[in-house]
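Read through the structure below, which is laid out as structure tokens, and then see the notes.
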Amino acid sequence: MAMAALRREGRRFLLPTVSSAPTIAARPAISNEESCLFGVRSISTQIVRNRMKSVKNIQKITKAMKMVAASKLRGVQTRTEASRGVWQPFIALLGDSPSIDVKKNVIVTVSSDKGLCGGINSTSVKVSKALFKVYSGPEKEPKYVILGEKGKAQLVRDSKDHIMLSVSELQKNPVNYTQVSVLADDILKNVEFDALRVVYNKFRSIVLFIPTVSTILSPETIEKESEAGGSLGDLDLYEIEGGETKSEVLQNLTEFQFSCVMFNAVLENACSELGARMSAMDSSSRNAGEMLDRLTLAYNRTRQASITTELIEIISGASALEG
């Protein structure tokens with residue numbers, strides 16, 4: 001009974017006197033150390049644990065996407081290297097003349113339908129916009145033909161009125177020459193042009209992609225340049241066999257050249273996309289691993305601090321009981 005009376009007296013002296021002021025003004029703010037004692041530390045530990053779980057899941061996804069891109073890259077790279085020899089004879093015959101000044105320029109921007117592949121789509125769009133500014137003028141009407149959803153999403157913001165044709169889901173199935181030649185034929189039938197400027201990313205290695213512009217001239221422009229004796233003046237040295245005229249031969253050459261260049265451009269861009277996705281997913285996996293290490297360290301520190309606090313409380317209570 002005496003000990004109980006002493007405890008009541010000691011508690012009465014230790015408690016502060018109750019004032020008439022409001023409770024909110026009288027109570028001090030809870031500090032970080034006191035908040036840990038009221039259970040906030042256990043809540044933060046649960047949050048860190050959930051965060052670690054989500055980062056682990058993201059790391060699994062990025063690793064899987066890297067493996068899928070690596071498996072697809074080998075086959076596409078083989079086909080891309082084989083397609084380079086198809087359109088190179090046209091450069092020797094007709095040349096690649098990006099400096100030819102014509103009125104009707106059509107910029108064919110090759111991009112991807114999916115993201116998570118670095119900045120290859122932004123690079124193609126930047127080059128296309130630069131070409132649009134270069135070939136714009138009072139009597140010039142440059143237009144866009146866009147392959148891929150990502151390029152369309154960026155160009156439609158400020159160049160919606162200049163887009164003549166857009167194609168999506170071209171790479172949904174493995175790309176073949178028949179599919180690309182049909183697309184090239186549709187473009188040639190529905191688009192009036194003096195020069196086609198095909199913008200794409202040329203694959204060099206997994207970490208190197210070169211923005212490339214290939215120029216295809218219309219048959220009329222080729223005839224004018226050939227008659228003017230410019231870079232295409234050597235065409236008159238070739239003899240035409242059969243009953244076809246020079247205009248018909250140039251028309252057939254233009255169609256075949258455009259389909260070959262488009263086939264190579266789509267494969268080069270697909271190869272660059274897969275390589276960029278491999279690099280991006282590899283960087284994401286490494287970043288997720290580093291974040292997981294930091295979260296594990298923070299979780300262990302928080303858990304050890306909580307255990308230390310509980311041990312101190314137990315020891316202090318036992319000491320108080322012994323005293």
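The values are calculated or read from the model by the stated rules, or taken from the named source; none is laboratory data. Just so it is clear, the model here is predicted, and its values are computed rather than measured. Positions of Cβ are generated from backbone atoms using ideal geometry, with glycine treated the same way; all protein chains shown enter the neighbour counts. To get the accessible areas, we keep the full protein, side chains included, count just its heavy atoms, and leave off ligands, DNA and RNA. Shrake-Rupley method; radii C 1.70, N 1.55, O 1.52, S 1.80 Å.
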Notebook entry, point to check: Somewhere in the range 274-286, is a residue buried (at least 24 other Cβ atoms within 10 Å of the Cβ), modelled with pLDDT of 90 or more and acidic (Asp, Glu)?
Noted result: no
Item checked: Test: Thr308 is hydroxyl-bearing (Ser, Thr, Tyr), in contact (Cβ under 8 Å) with a residue 40 or more places away in the chain, out of contact with any strand residue (DSSP E or B) (no Cβ under 6 Å at 6 or more places or on another chain) and in a helix (DSSP H, G or I) -> no
Next item on the list: Scan the range 131-139 and give yes if some residue there is open to solvent by less than 20 Å² (accessible area, probe 1.4 Å), in a loop (DSSP other than H, G, I, E, B) and more than 28 Å from Val68 (Cβ to Cβ), otherwise no.
Entry: no
Notebook entry, point to check: For the range 293-318, how many residues meet the condition of being aliphatic (A, V, I, L, M) and open to solvent by less than 70 Å² (accessible area, probe 1.4 Å)?
Noted result: 4
Check: Name the residues in the range 94-127 that are part of a loop (DSSP other than H, G, I, E, B), of a type outside the set (D, E, K, R) and in contact (Cβ under 8 Å) with a residue 12 or more places away in the chain, would you?
Finding: Gly95, Ser97, Pro98, Ile100, Val102, Ser111, Ser112, Gly115, Leu116, Cys117, Gly118, Gly119
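Restrict the check to the range 42-55 and report whether at least one residue is basic (Lys, Arg), crowded, with 16+ Cβ neighbours inside 10 Å and modelled with pLDDT of 90 or more. Steps first, please.
Residues of the range 42-55 that are basic (Lys, Arg), as a first pass: 49, 51, 53.
With the extra rule that they be crowded, with 16+ Cβ neighbours inside 10 Å, the set shrinks to none.
Checked against the condition, which is being basic (Lys, Arg), crowded, with 16+ Cβ neighbours inside 10 Å and modelled with pLDDT of 90 or more, the range 42-55 yields no hits at all.
Filter the range 121-130 for residues that are open to solvent by less than 30 Å² (accessible area, probe 1.4 Å) and out of contact with any Pro (no Cβ under 9 Å at 6 or more places or on another chain); which is farthest from Ile187 (Cα to Cα)?
Applying the first criterion (open to solvent by less than 30 Å² (accessible area, probe 1.4 Å)) to the range 121-130 yields 121, 124-125, 128.
In the following step, the residues that additionally are out of contact with any Pro (no Cβ under 9 Å at 6 or more places or on another chain) were identified as 121, 125, 128.
Numbers: Asn121: 21, Val125: 19, Ser128: 18 Å.
Top of the filtered list is Asn121.
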Checklist line | Hits in the range 59-88 - residues which are among the hydroxyl-bearing types (Ser, Thr, Tyr) and buried (at least 16 other Cβ atoms within 10 Å of the Cβ) | finding: Thr62, Thr80, Ser83
Note to self: Given the condition within 30 Å of Trp87 (Cα to Cα), in contact with a Ser or Thr (Cβ under 8 Å, 6 or more places away or on another chain) and part of a helix (DSSP H, G or I), answer yes or no: does some residue in the range 284-296 qualify?
What the structure shows: no
Check: Can you name every residue in the range 154-166 that is under 18 Å from Ile120 (Cα atoms), open to solvent by less than 50 Å² (accessible area, probe 1.4 Å) and among the aliphatic types (A, V, I, L, M)?
Finding: Leu155
Next item on the list: Hey, can you tell me all the residues within the range 180-194 that are under 16 Å from Ser259 (Cα atoms) and surrounded by 15 or more Cβ atoms within 10 Å (Cβ to Cβ)?
Entry: Val180, Ser181, Leu183, Ala184, Ile187, Leu188, Val191, Phe193
Notebook entry, point to check: How many residues are among the hydrophobic types (A, V, I, L, M, F, W, C) and without any contact (Cβ under 8 Å) to a residue 12 or more places away in the chain if we restrict to the range 128-175?
Noted result: 4
Next item on the list: Could you grab the pairs with beta carbons closer than 7 Å, sequence gap of 6+ or different chains, first residue in the range 249-264 and at pLDDT 90 or above, second one buried (at least 17 other Cβ atoms within 10 Å of the Cβ) and outside any helix (DSSP H, G or I)?
Entry: Phe258/Leu196; Phe258/Ile216; Val261/Val198; Val261/Ser214; Val261/Ile216; Met262/Val198
Note to self: Just checking, does the range 83-95 include any residue being out of contact with any Asp or Glu (no Cβ under 6 Å at 6 or more places or on another chain) and either at pLDDT 95 or above or of a type in the set (Asp, Glu) (or both)?
What the structure shows: no
